[in-house]
1. Roughly what would the spin-label model give for Phe100 and Leu197, points 7 Å off Cα along C-beta, in nm?
2. For Ala240 and Gln87, FRET efficiency with R0 = 45 Å and r from the beta-carbon atoms, rounded to 0.05?
3. Once you order the gyration tensor axes a ≥ b ≥ c over the Cα atoms, which shape class does the range 140-220 get: rounded for a/c under 1.5, otherwise prolate or oblate by comparing a/b with b/c?
4. Quick one: length gained pulling Asp278 to Ile227 fully straight, 0.36 nm per residue minus the C-alpha distance?
5. Any idea what Rg and Dmax come out to for the range 154-294 if you just take the C-alpha atoms, in Å?
6. Taking 0.36 nm per intervening residue step and subtracting the Cα-Cα distance, what contour gain separates Asn7 from Ile291 on full extension?
7. Would you tally the net charge around Ala115, using a Cβ to Cβ cut-off of less than 10 Å, leaving Ala115 out, and scoring K and R as +1, D and E as -1?
8. Collect residues whose amide H, placed 1.01 Å from N in the peptide plane, falls under 5 Å from the amide H of Gly66; neighbours closer than 5 in sequence don't count.
Amino acid sequence: MQIQLVNVSFTYSKKKKRAASTAAPSVLHHINLTIQSGEMLAIAGKSGSGKSTFLQLLKGFLAPTGGQILLDGIDPNTSKRPDLFDQIGYIFQYPEHQLFSPTVFEDIAFGLQSAKLTREIKEQKVRKAMKAVQLDYDEFKDRSPFELSGGEKRRVAIAGAVVLEPRVLILDEPTAGLDLQSRTALFDLLHQMNEELGLTILWVSHQLDEIVNHACRLLALKKGEFIADGSPVAILSDPAFLNAFGWEEPSVLIVSRLLKELGITSGNDRISPEEAADAIAAALSLHQQQITAK
Ligand SMILES: Nc1ncnc2c1ncn2[C@@H]1O[C@H](COP(=O)(O)OP(=O)(O)OP(=O)(O)O)[C@@H](O)[C@H]1O
């Protein structure tokens, strides 16, 4: 699905009447951008910059107060095609807080209720969604979602969105509160769904290393405007950009720069500190052998 924003602005309406001179401030201003099918796109920006508001506009929870959002060229807000928003899955921050059914199966199947499917078809769909998030059907289907680990709960919540077969998945800080192992596992999963199901994946992140490692494109939001849009490596190694946000260079880029300065080419901007340590140790050992040979 192609998502296009044409001159999109958004202002939250105020309940109380306000004087003309104190009109509600605009949260997003004149945004123009296109998201192509299959992108892995991260959105970053300080607290209050408008990230969640932007995501909610894409999902149709909010409608633009100016401009248009087009899904495959159609404006769902004005064309009587709000069903187009159903093709976008939305995963809130800490989605496990919204799990409520007694079993994993019922939780994942919840969104299918209105479709009046047979038990058999429902089961097929739940199986497929659980496979996509790598939860074994027989092992987990009857378990209570409340007794799972944090990473497993999050997988159940993602399966609840995936079961509706969306073409786009939006996640608001998907790795918040997860340990390193669960974060890595979650991104393995997102990459797999991106590749195998062709899902477009958009997520909000405050983790710059995560963005460099996993996003193909970064949108950086400042006070309601996207001030950078492009390669995460290029954007996050630009000192002027980092200064403007008060951000530190991501450690993964520092490591790659250090290797280049030492003349150790890894051929990879996304090398981990552990891989870098191995590369440096190997280079030092080679250097030592050369000295001994002389
Ligand atoms: N329901 C609302 N009514 C009025 N103003 C709102 C509402 N929700 C958000 N805002 C305001 O809109 C601006 C953008 O908020 P938003 O939640 O989109 O930012 P954010 O970048 O997602 O922040 P965070 O990283 O803290 O979640 C903020 O100034 C916020 O106070």
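1. 2.3
2. On the way: r = 38 Å, r/R0 = 0.85.
So the FRET efficiency works out to roughly 0.75.
3. On the way: a/c = 2.12, a/b = 1.32, b/c = 1.61.
Cα axes put the range 140-220 in the oblate bin.
4. Details: separation 51, 0.36 × 51 = 18.36 nm, distance 3.68 nm.
This chain segment gains 14.7 nm when fully extended.
5. 18.6, 67
6. On the way: separation 284, 0.36 × 284 = 102.24 nm, distance 6.32 nm.
Between Asn7 and Ile291, full extension yields 95.9 nm more.
7. On the way: positive: Lys116, Lys122, Lys125; negative: none.
Neighbourhood net charge equals +3.
8. Amide H neighbours of Gly66: Ser9.
Values in this text are rule-based calculations from the coordinates and carry no lab data. Small disclaimer: the values here were computed from a predicted structure and weren't measured. Please note: Cβ atoms are built from the backbone with ideal geometry, for glycine as well, and neighbour counts cover all protein chains shown.
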